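Single-structure report; data block below.
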Amino acid sequence: MKGANLHKANLWGASLERANLTRAKLTETDLRSANLGGANLSYADLTGARLRGANLRYATLHNTNLTGVR
């Protein structure tokens, strides 16, 4: 899913463990309770995303935009 446009997607509770989301557009995406453990989110844009309860353990967040994340 490298470079995917997931703007405003409903990914509540999704299993994205070890997913390659490099440069993905996840703006205003609902990622509550999603499993992003070990995912690569380098250079991804998560502006305004909802992350409450999401698992980010071991996720790569190098140069990730987390502006306004809730």
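I need the full set of residues from the range 1-57 which are open to solvent by 80 Å² or more (accessible area, probe 1.4 Å), in a loop (DSSP other than H, G, I, E, B) and within 14 Å of residue 69 (Cβ to Cβ), in order please.
Within the range 1-57, 28, 52 meet the criteria.
Which residues, counting only those in the range 54-70, are farther than 17 Å from residue 10 by Cα and of a type in the set (Gly, Ala, Ser)?
Selection gives 59, 68.
Would you mind stating whether residue 29 is more than 9 Å from the chain's Cα centre (by Cα) and of a type outside the set (Gly, Ala, Ser)?
Considered against the rule, which asks whether it is more than 9 Å from the chain's Cα centre (by Cα) and of a type outside the set (Gly, Ala, Ser), residue 29 comes out as no.
The values are calculated or read from the model by the stated rules, or taken from the named source; none is laboratory data. Just so it is clear, the structure is predicted and the values come from calculations on it, not from any experiment. Here Cβ is always computed from backbone atoms with ideal geometry, including for glycine, and neighbour counts include all displayed protein chains. What goes into the accessible areas is simple: the full protein's heavy atoms, side chains included, and nothing from ligands, DNA or RNA. Shrake-Rupley method; radii C 1.70, N 1.55, O 1.52, S 1.80 Å.
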